[in-house]
1. Mind counting the residues in region 340-363 that are farther than 18 Å from Lys411 by Cβ and either under 16 Å from the mean Cα position of the chain (by Cα) or open to solvent by 20 Å² or more (accessible area, probe 1.4 Å) (or both)?
2. When residues of region 17-31 are filtered for being aliphatic (A, V, I, L, M), touching a strand residue (DSSP E or B) at 6+ places or on another chain (Cβ under 6 Å) and either open to solvent by 40 Å² or more (accessible area, probe 1.4 Å) or free of Cβ contacts under 8 Å to residues at least 60 places away in the same chain (or both), how many remain?
3. Do we have any residue at all in region 233-246 that's basic (Lys, Arg), over 24 Å from Gly360 (Cα atoms), over 23 Å from the mean Cα position of the chain (by Cα) and modelled with pLDDT of 95 or more?
4. Which of the residues that make up region 409-443 are open to solvent by 10 Å² or more (accessible area, probe 1.4 Å) and at positive phi?
5. Where in region 115-192 are there helices (runs of 4 or more DSSP H), lying fully within it, with 1 or more residues that are among the hydroxyl-bearing types (Ser, Thr, Tyr), in contact (Cβ under 8 Å) with a residue 12 or more places away in the chain and within 24 Å of Ala338 (Cα to Cα)?
6. For the subset of region 196-215 comprising residues that are over 17 Å from the mean Cα position of the chain (by Cα) and among the β-branched types (Val, Ile, Thr), which member is most open to solvent (accessible area, probe 1.4 Å)?
7. Any idea which residue in region 76-90 is most open to solvent (accessible area, probe 1.4 Å), counting only those that are in contact with a helix residue (DSSP H, G or I) (Cβ under 9 Å, 6 or more places away or on another chain) and closer than 18 Å to Ser16 by Cα?
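The values are calculated or read from the model by the stated rules, or taken from the named source; none is laboratory data. Keep in mind the model is a prediction, meaning the values are calculated, not measured. A quick note on method: Cβ atoms are made from the backbone with ideal geometry, for glycine too, and the neighbour counts reach across all protein chains shown. With ligands, DNA and RNA removed, areas are computed over all heavy atoms of the protein, side chains included. Shrake-Rupley method; radii C 1.70, N 1.55, O 1.52, S 1.80 Å.
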Amino acid sequence: MNWMNKRVLVIGAGLSGQAAVQKLQRLGAEVFLTDSKTLEQLAGVEELGLDQAHLLLGGVPELIGIKPVLVVLSPGVSPKLPLVQEAISQNVTVWSEVELAMVDCPGLCVGITGTNGKTTTTTLIGELAKRTGRPTVVAGNIGVALSGQVKGLGEDSIVVAELSSFQLEFIDKLRVHVAILLNITPDHLDRHGTLEEYLRVKARVFENQTATDLAILNWDDPLVRDLGPKLKSRVLYFSPTSFLQDGISLWHDEIVYSEKEKRTMIPIISRKDLHLRGAHNLENVMAAAAAARAFGLSWTEIAEGLSEFKGVEHREEIVGTFEGILFVNDSKGTNTDAATKALLAFEEPLVLIAGGKNKGLDFHDFMKVVRVKVKSLILLGLAADEMEKAARDEGVQTIIRATTFEDGVEKAIGEAIPGDVVLLSPACTSWDMFKSYEERGELFKELVRRHYSKPI
């Protein structure tokens, strides 16, 4: 498409929206930017150089006055927004920001989606991709807008993109050459409505693949496994629980790659040589290994990269051991499945800090695990009442309410004794108290370190 002087409306003026504006400006489009927030509430917008006629903040603009040929949505913008629905009803093309980002990028695209493990897997694949020596970009839902990263990339580049369901909702021709679906559990039902719709949106990552592309699927997740026969691309499964004659799986404590037709089984790396804890991280490692093999690394090079990887910030991040108590920051555990996996990663007695803003999830199954794994449950935030009810329904014995996040951390420290783990894994978003899970995790780390730096 020739973008010169074409009118495009970008909805959402956060990082993704701003990156989309800058890309469209480079392409020569006439760009309008709107957001319900005011200029004073938004950082960085003034630097875009948009005049008052093109910067439509603090309200909802009239679509008829703009007459855009394209609407670009930031990930946080709901498709139920009347302005978006109006554009759809008038047959205006609506794109996610990631569609715009990749529209002219000739590099190899690796896309990672799923309910949990995306950021760990994306970061790990990015580290492995850098070992090829090819120009590598790691962006998307990981906190770096894709549109701002792909400028000037050539055919030899590798784009490693974490893709959320919000970003996949309005793709069009986005082709993901190596697409990974890690798992599907209920999440974002307040936006997608049903698990079936959530899965449908996630599976769009495979939509524009061809027979030469690769889909990497979790054999252990029936919803994911059943997609395999329906895809146009080659399919490679991974499983940390079942030995696969074709795919990547565990053979005793060794991660191996098997090909039934060739009657081969290649050892990749021993489980004990990984820094990442928990069975769920085996999924992430196996998926990353499959992707790295697809873009040309040898199994030896992959093993070296896997053995050196120590995880990502805010995902089961070790804060430190103080007076014999291990503190772990899993602020990115924003749903019940992620928090459950964090609980199962530890054998030690746990003091759990949980709560925040619920995303339409039921807490009862989560509390069954809490009853078994957690000695003291500290609850805070908007979801605390709902979580406490579920906890009592499931027989959790020690439930402590906190009035603030700071109060919650202090109460958790007070409950812990040497040999325990204090784990922040909220099973909720941070949006009732914080701007992001990152801000929540940083405060947790600061409060822990501040507490133990006090003079005795």
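1. 11
2. 3
3. There is at least one residue in region 233-246 that is basic (Lys, Arg), over 24 Å from Gly360 (Cα atoms), over 23 Å from the mean Cα position of the chain (by Cα) and modelled with pLDDT of 95 or more.
4. Of everything in region 409-443, just one residue is open to solvent by 10 Å² or more (accessible area, probe 1.4 Å) and at positive phi, namely Gly419.
5. Numbers: elements: 118-130, 165-168, 189-192.
Counting at least 1 such residues, we get 118-130, 165-168.
6. Only one residue fits best here, namely Thr212.
7. By that ranking, first place goes to Gly76.
To keep it simple, each residue is scored yes or no on (1) at pLDDT 95 or above; (2) of a type in the set (A, V, I, L, M); (3) more than 27 Å from Leu108 (Cβ to Cβ).
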{"residue": "Ser165", "(1), (2), (3)": "no, no, no"}
{"residue": "Phe206", "(1), (2), (3)": "yes, no, no"}
{"residue": "Ala215", "(1), (2), (3)": "yes, yes, no"}
{"residue": "Asn218", "(1), (2), (3)": "yes, no, no"}
{"residue": "Ile248", "(1), (2), (3)": "yes, yes, no"}
